[in-house]
Every structure is written in C-alpha cells, then in structure tokens.
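The values are calculated or read from the model by the stated rules, or taken from the named source; none is laboratory data. Because the structure is a prediction, the values reported are computed rather than measured. Methodologically, a virtual Cβ is constructed for each residue, glycine included, from the backbone with ideal geometry; neighbour enumeration extends over all protein chains shown.
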C-alpha cells in the first residue's frame, strides 16, 4: 500500500496551487461560455473523503465536475499518460492518478481506496462511459463498493445541458446553458461485525441511480429554460 500511496499522494503546496489556478480558469470558462449554474454546494463535505458521482453525457462533464468544490478532486487516468514524465507531473498536480486499462478492475478499485484513505475526494462516473438519452440505466457497482469499503458518502450530481454543449462524436464545444445540481450525500450502510451482504452493494447502487435520475431530470429542465 505504501507504493500505491506514494504514487497517488501529490500533497505538495505547488501542485495544490497549480490545481487551484487551473480550476479557477475552468470555472470562469464554464460560467461565461456555458452559463453554468450550480445548486446544492452545501451538500459537499468540507472535510474528509467522499465519492463524487456525476451523470455522464459529454466529455465536458469531467472538467465541469471541478466546479462543485474548491477542494482538489481526484480522477482516474490511463497509466500510459504518466509515462511521459512532464505530462504525468501535470496530471498528478491536477488530481489525476494512474490506472492500468485492461487489467482487473480490482487493481483500479485498490488505487481508489488508497486515495480515499488519504482523506481525498474522488470523481467516479457510475455509468462508466458516456451515455445518451434521458434515462439513467442500472449503474456499475464501483461507486457503491468503494463507499461501503471505505465508509465514505457518495455525492450524486445531475448535470443538464452538456449533451448539447458537446454531443457524442462532436469536436466542437457549443455555448449552451448548463445546470449542475448536487444532491444530498448517500451514506453506505453500517457493516455488522465486519460483514456486509452482497445485496448491500446492489441496493446502494440502485439508491444512487434513483437519486441521479431525479437530479438529472431537474438539471435538464433548468438548462432548457
């Protein structure tokens, strides 16, 4: 675990200042170009680890997610990007950490748990890849599994308008209005004597799905007005 923690840490003051500057630029662009509005910031924990779980309908969802909080968020990225040392340093400073594609999901989950153990929040899109349409389909169980294993809350986020900003396959970013609604924390169930039934993960994923659907519907309604 020590080796993993070392590769994920990035606690330096310089990296945090760098993240703050880049985040400020991204939020400014989102506010001006996308007319981004955010509701529910009070639901973001001020301290401690949590899992930010947004809807995923566009490539711009990833940078937009940083507008939810001034705290540095952590993201997973392809480990090949870190082989280019200068790029790897920049990605780490921006909150990224490497995972190996094509390997067992367990390794990626271990790295996420290592980040959460450091008390840092991570961004995990529970739908996996970008989806389309108005319906939130059954989610991957990664977010629920991590929340239970690490004992941290999941923060659901509905994002409306980004599908029009950058539709799947588009290379242009359109100046469309966006709304982001941050839901109330979803806390994992307490284990009994260290044991948690497998059904608990499925139930937590379904609770997250229902929350995301409600938030997504409202965010889309506001973005279209």
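Checking 118, 106 one by one, the residue that is in contact (Cβ under 8 Å) with a residue 60 or more places away in the chain, over 16 Å from the mean Cα position of the chain (by Cα) and over 26 Å from residue 28 (Cβ atoms) is 118 and no other.
Test residue 23 against the criterion of being assigned to a helix (DSSP H, G or I), at negative phi and modelled with pLDDT under 95, and give yes or no. Talk me through it step by step, then tell me what you get.
On the way: assigned to a helix (DSSP H, G or I): yes; at negative phi: yes; modelled with pLDDT under 95: yes.
Answer is yes for this residue.
Applying the criterion of being in a helix (DSSP H, G or I) and in contact (Cβ under 8 Å) with a residue 24 or more places away in the chain to the residues of region 32-41, the residue that is nearest to the chain's Cα centre (by Cα) is 41. Which ones in region 14-30 are surrounded by 11 or more Cβ atoms within 10 Å (Cβ to Cβ) and touching a residue at least 12 places away in the same chain (Cβ under 8 Å)? Of everything in region 14-30, those that are surrounded by 11 or more Cβ atoms within 10 Å (Cβ to Cβ) and touching a residue at least 12 places away in the same chain (Cβ under 8 Å) turn out to be 15, 16, 18, 19, 20, 22, 23, 26, 27, 30. The set of residues in region 151-175 that are buried (at least 17 other Cβ atoms within 10 Å of the Cβ) and out of contact with any strand residue (DSSP E or B) (no Cβ under 8 Å at 6 or more places or on another chain) comprises 162, 163, 164, 165, 166.
Pick from region 46-89 the residues that are in contact (Cβ under 8 Å) with a residue 24 or more places away in the chain and part of a helix (DSSP H, G or I): which of them is surrounded by the fewest Cβ atoms within 10 Å (Cβ to Cβ)? Step by step, filter region 46-89, then rank; the result is 62.
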